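Okay, structure first, notes after.
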Amino acid sequence: MSNIQRCIFLFLLILSHQIFSQSLNLNVQAENELKTKTIDSFGYAKSFDNYVGLENELNKLKDKLTRIGYIDTTIDSIIRKNDTLLDAYFFLGKKIERIRIKYGNDFNSELLNFINHNSGEGYFEIPITQLENSLNTLNSKIAEQGDPFSTLQLINISKEHSDLISAELKIVTNQKRRIDNIIVKGYEKFPQSYIKRFLKLRKGKTFNLNEIKEKVELLEDLRFAKTMREPEVLFTQDSTTLYLYIEKARTNNFDGFLGFGTNENTNKIEFDGYLDLRLVNNLNYGETINLFYKSDEIDQQTFRIDTDLPYMFGSPIGIQAGLNIFRKDTTFSNAKQYAKVNYQINSQHRVAAGISSTKSTNLLDNDTSILNDYTTNYYTLGYIFTKPQFYDALFPINFWLDFSTGFGDRENNIGNQSQTIFNVDTYKIFNLNPKNSIYTRFNGAILTSDDYLDNELFRFGGINSIRGFEENSLVANLYGVVNTEYRYRLSNGIYIHSVLDAAYFENQITDTKEKLFGFGFGLGLLTNAGLFRLNYSSGKSENRQFRLSDSKVHVSLTATF
């Protein structure tokens, strides 16, 4: 539409608007029926309250036609049919299918790998319908290389032939940007080592906003911190400052339970219980301190304390050390010390190497062939994988794998014995839908040795192992436990579940090989105090009938503070 036509059109519209106050209807046609259908396919608005809106719609329609290749589109005429109806006649011309874009030495041709194109010497061709998206993609990739204010322009546009136009690509660049400063808002004492090593954000790094947003999302894999809002950037003439908005989260856990059941020999109710205290990031270093104590109904006590110090001196290396003491009535006691060096590969994967030493003391008057003092020393290797879902307060970890192995020897008054130990603990939650899920866990261990002592074997059973059996009542040099639960969520804070467990173990000292089974049900309730869990389960062995009197009731509360 020429300037003269535009002025006449606006004059007529304004004049008509002063005379008539009805709504206006628009009908658009092209030079033939096929092209009219092309216009109709856009679904343009056909009714307007005023003439300005009608003109805007025509201009939008012309722009849309140009974008899909009708670059010669013009508005030939606008005819008023009656007081409320106007016909607009478009000329579309021949549709251009492709555009050839020429570039110079300042353009990195490797960026073309991110768009669909055909290449030539110093140029690339794309369908004209993909022009806008392709240029946006290229501009975004240039911005990721540290120039967020770069722009792309097409200049010297010309028609090569009937279905091809050409243009030159001009890149308007600005100063390359690097991160000069990182400021944390909200949780100002957030560990700097986690910014550098966990999020992998550091000063001097090329500025890339999309990459920064992806890395900040990794905070969702941390329990002691979470994002308050998306990061922001302050650009000045000679500096770039990144602002991270982080909030400290409550992550300390106290877990305990009270269990009771009937003693098979005395027919009296006996109680057992434990406490598990986990302190996380109280020193704003990202550290973890665990304290565990358990006393069960068969006169066994366990005490364990360990600490995990990540990113020592700002390096990707962390240190874990601990002490584990186990005492069985007046028979024996074991004291194990261990230290590990951890390397955090990324937010989910961690590997470790370390040493451990165990000293066992026979508390009886005399040594026997299967119970005497010994000392073991192991070199250990380990791997941990964690996939969290912290958005779910009931089930915050979706997948967990902890595998470790140790190679060393045992020394006692008989001599030295080479030994190898393997441990694996893994579980996975299969989310079927928002209300239904299946929980599966496998826990097992193997001790390989030419001979065995009773005070070095594994002890398992109970609420954190195969349910329906007394805590640590099962003794083995090889065992595997499979736990399964079908969980149904009654609400965001309440769920019920089934209990179906199975185990197999071997004890070469007693020449025992046995299969075990646990059945029951339970519920979980998220309260202001924490997660309350109740389990009712009963266990049976392969050769023993199910007895209701062997059932166990376990109550536990995991409080977060």
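The values are calculated or read from the model by the stated rules, or taken from the named source; none is laboratory data. Because the structure is predicted, anything quoted here is derived from the model rather than measured. Note: ideal-geometry Cβ built from the backbone for every residue, glycine included; neighbour counts use all protein chains shown.
Data for the structure
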quantity: Every pair of residues 6+ apart whose Cβ atoms lie under 7 Å, when the first sits in segment 358-378 and is without any contact (Cβ under 8 Å) to a residue 60 or more places away in the chain while the second is loosely packed, with under 14 Cβ neighbours inside 10 Å and in a loop (DSSP other than H, G, I, E, B); calculated: 363/330
quantity: Residue within segment 474-491 that is more than 30 Å from residue 375 (Cα to Cα), out of contact with any Phe, Trp or Tyr (no Cβ under 8 Å at 6 or more places or on another chain) and crowded, with 20+ Cβ neighbours inside 10 Å present; calculated: no
quantity: So residue 506, is it farther than 30 Å from residue 433 by Cβ and out of contact with any Phe, Trp or Tyr (no Cβ under 7 Å at 6 or more places or on another chain); calculated: yes
quantity: Pair list, Cβ under 6 Å, 6 or more apart: segment 57-82 residue within 16 Å of residue 132 (Cα to Cα), other residue of a type in the set (Lys, Arg) and modelled with pLDDT under 90; calculated: 69/95; 70/95
quantity: Whichever residue in segment 102-129 is in a helix (DSSP H, G or I) and out of contact with any strand residue (DSSP E or B) (no Cβ under 9 Å at 6 or more places or on another chain) and, among such residues, is nearest to residue 237 (Cα to Cα); calculated: 111
quantity: Segment 520-561, subset of a type in the set (Phe, Trp, Tyr) and under 26 Å from the mean Cα position of the chain (by Cα), residue nearest to residue 274 (Cα to Cα); calculated: 532
quantity: In segment 83-101, residue nearest to residue 49 (Cα to Cα) [restricted to those that are assigned to a strand (DSSP E or B) and β-branched (Val, Ile, Thr)]; calculated: 99
quantity: Among residues of segment 327-353, those that are assigned to a strand (DSSP E or B), more than 25 Å from the chain's Cα centre (by Cα) and among the hydroxyl-bearing types (Ser, Thr, Tyr), counted; calculated: 2
quantity: Single unsatisfied condition, residue 424 versus (1) farther than 30 Å from residue 199 by Cα; (2) free of Cβ contacts under 8 Å to residues at least 60 places away in the same chain; calculated: (1)
